[in-house]
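Here is the structure we will look at, set down as structure tokens.
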Amino acid sequence: MSDNIQVKRNFKDADGQVMIAPKNITNKPPKKGRVGEGCTFGGVAEHMPCDYNNARKVALAEYKIHKHKCLDGGDRRPFSSRARSYAYFNTVKEVIGEDIPIPQRPPVPERKYGLQQEAPFKPNV
């Protein structure tokens, strides 16, 4: 059994030459040269200005709608990245031990240098 029956087509005439079918579509060739009638489908297209800021305007309108739906009408920021100190824990100075007064160091005495020569040095030769 076979579910596909192939039919062999013969595209040759009695002389053995291949028969050519007529064209499916016939049209005139495109015009060469100046722009005018017959060169475009609906005539010359008029200039249409493009609003390049349209995406920004749409995003701004959506943002305003979102802020209106937020708490307090969007006056306050819902989250803040600033860390606040409430002094619940020890400060850094208390942890290191700098919260007590540090006594002043005693003054450094003036140094006296060793031998002071009365005359310039002259080696023995």
Original post:
In this structure, does ILE20 turn out to be within 30 Å of ARG9 (Cβ to Cβ), modelled with pLDDT under 80, loosely packed, with under 10 Cβ neighbours inside 10 Å and among the hydrophobic types (A, V, I, L, M, F, W, C)?
Top reply: no
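Residue by residue through the stretch 91-125, note down the ones that are surrounded by 10 or more Cβ atoms within 10 Å (Cβ to Cβ) and either part of a loop (DSSP other than H, G, I, E, B) or in contact (Cβ under 8 Å) with a residue 60 or more places away in the chain (or both).
From the stretch 91-125, those surrounded by 10 or more Cβ atoms within 10 Å (Cβ to Cβ) are 91, 93-95, 98-99; that's our starting set.
Selection gives THR91, GLU98, ASP99.
The values are calculated or read from the model by the stated rules, or taken from the named source; none is laboratory data. Source: prediction; values computed, not measured. Note that each Cβ is placed from the backbone with ideal geometry, even for glycine, and that neighbours are counted across all protein chains shown.
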